[in-house]
Structures are given as structure tokens and as C-alpha cells.
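Structure, as C-alpha cells:
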Amino acid sequence: MKAARFRFAAGRQARASAVVGLGLSVCLGLTLGLAAAQPLPAGWTARLAALLPLPAQSASIMERRSSLSMIELSMRVVNVGGDPAALKEVMASAARGVTPTYNERLGITRKEFQNYLAFQPTLAPARTLKLPVTRDAARLTFGDAPGLGGVLKGVSIDLRSGELSTPEGFSAKPVGVPAGSGNRDLDIRSGFQWKVIGNSPQSGNGVRGTLNLWQLGSGQVLLSYSRTSMIHNVTSSGEVILSYAR
């Protein structure tokens, strides 16, 4: 696994901040919207409060990228006598975070080339920011900032009950996420998940979303929110993935 890489949305590649300087390398055999649930353990509200961000928390916005299995591809191209220049072009694209395109001069089939790209999504830090969060002893509420795309704006969590409320007017209770959920390379130690679904023809509002809050073995916290929203019959979709240390 490579250091300073996050295997797992937003903008151009930027230098990782000190928050993500330790780096991660975790495979997304599990999608960010799915995790096995379990009953909430004793003392879970204190754990929830400890994982959620603080006002002006330093965080990294993560973006999804395709990860090329460069070592394996290089060995394969060399073994079949492929064109080194074509291989160099592929490697240069991957280094820029651009999904490489197939070149028959590599000496392998298009299907074989795609196999090196498949099933290897990664997360890489795109930019850092201070999270627009307001928080008191009872409630945390997200604001908006450049790079967040309004996805989390107005989402709030009751720190006593754990209930998540959305600006569309719907709510959901958390479930626990057990250690070891998902792919073995995804080192989840604990966490929470909220699935919120609602629709009101009267107001023209609706939402279908999943918020994950995961503590990883590295000490980093991953917070992701993916949702399709309708407010006054205007729909939008979005996802944001954040990484920070708590």
C-alpha cells in the first residue's frame, strides 16, 4: 500500500495537508454508501460527539480517482514486448490523476488493459479547508464553503439523540457500523451511518441520502454524505467526502 494515498469528491489535485499527511491506503471493495449495521453500543453518544468535527475543523475534501495498477501493468507490457513510449504516456496520465486511455502499442488487449483499471477506485485529497460547522452542547449544524457544493448545507445532528435532520424536512436515526465492515483493507474501527429517505408532495420536498461517519485505524475520520434532494420541486444530487483528524 502506498503512503499518503487514500483508497476510496471535488476539484483538482492539491497537496495533502498535515491533517492527511499520515496517509491512508484503503481499497473500496465497499461503496461509501454501504456498511453492515449493528445496534448502538453503550456510551455511543459520547463516541458520536468525539467523531463529529469541531467548528473550523481542518479537513481535506477527497476526490474519487481511478487507480492504475502500474507495477503489474508495466511488468505485463515489458513481458509482451510492448512499446515503452506508449507505456510512458499511460504512466504520465495516471500520475496526473487522469484515467489513462488504451493504446494498442502497449501490446495487450483493450480488455486486459481495462482489468488493470477496474475495481481500484481511490480517494485523494483535492483541497483543504476549515469546515463551516456550528456546534454547541446539543446540536451540530453544517454550513457551506467552496468545494462542498452545498451538499451538507443545513444538515444537522442532535448530539444527544443522534438524530440527523435535513433541510428538506426529514430525519433519520443512526445505526452502528462495526469494526471490520467492508473490504479487509478498509480498516474501519467504529462508526455510524444514517439513511434518510422522505418525500412530501405537499411541500415538493424529498431526499434520499446516506451519511457515513467512520473512524479508521489510522486515526483519521471519514465523513461522507451522498444525497439526491428535492426542494420545492427542484432536484439536485451531490456527494462530498471529508477526511480529518479528531
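What follows is calculated from the coordinates using simple rules that are stated; it is not laboratory data. Bear in mind the structure is a predicted one, so any value in this text is a computation, not a measurement.
Count the lysine pairs in the range 105-246 whose Cα atoms lie under 25 Å apart, taking only pairs 8 or more positions apart in sequence or on different chains.
Number of lysine pairs found: 4.
Which whole-number percent gives the relative contact order of the range 56-163, counting Cα pairs below 8 Å spaced six or more residues apart?
Relative contact order for the range 56-163 comes out at 32 percent.
Mind listing the phi-derived Karplus ³J(HN,Hα) values for the range 131-142, rounded to whole Hz, using 6.51, -1.76 and 1.60 with θ = phi - 60°, and x for any glycine or proline?
Computed from phi, the couplings for the range 131-142 are 5, x, 10, 10, 8, 10, 5, 10, 8, 10, 10, 8 Hz.
Restricting things to alpha carbons, find the Rg to Rh ratio for the range 155-246 using the Kirkwood radius for Rh.
Value, to two decimals: 1.03.
Taking 0.36 nm per residue of separation and subtracting the Cα-Cα distance, what length does fully extending ASN233 through SER93 add?
On the way: separation 140, 0.36 × 140 = 50.40 nm, distance 4.09 nm.
Extra length available between ASN233 and SER93 comes to 46.3 nm.
Quick one: what are the phi-derived ³J(HN,Hα) couplings along the range 188-203, Karplus 6.51/-1.76/1.60 with θ = phi - 60°, whole Hz, x for glycine and proline?
7, 9, 5, x, 9, 9, 10, 10, 10, 9, x, 7, 10, x, 5, 8
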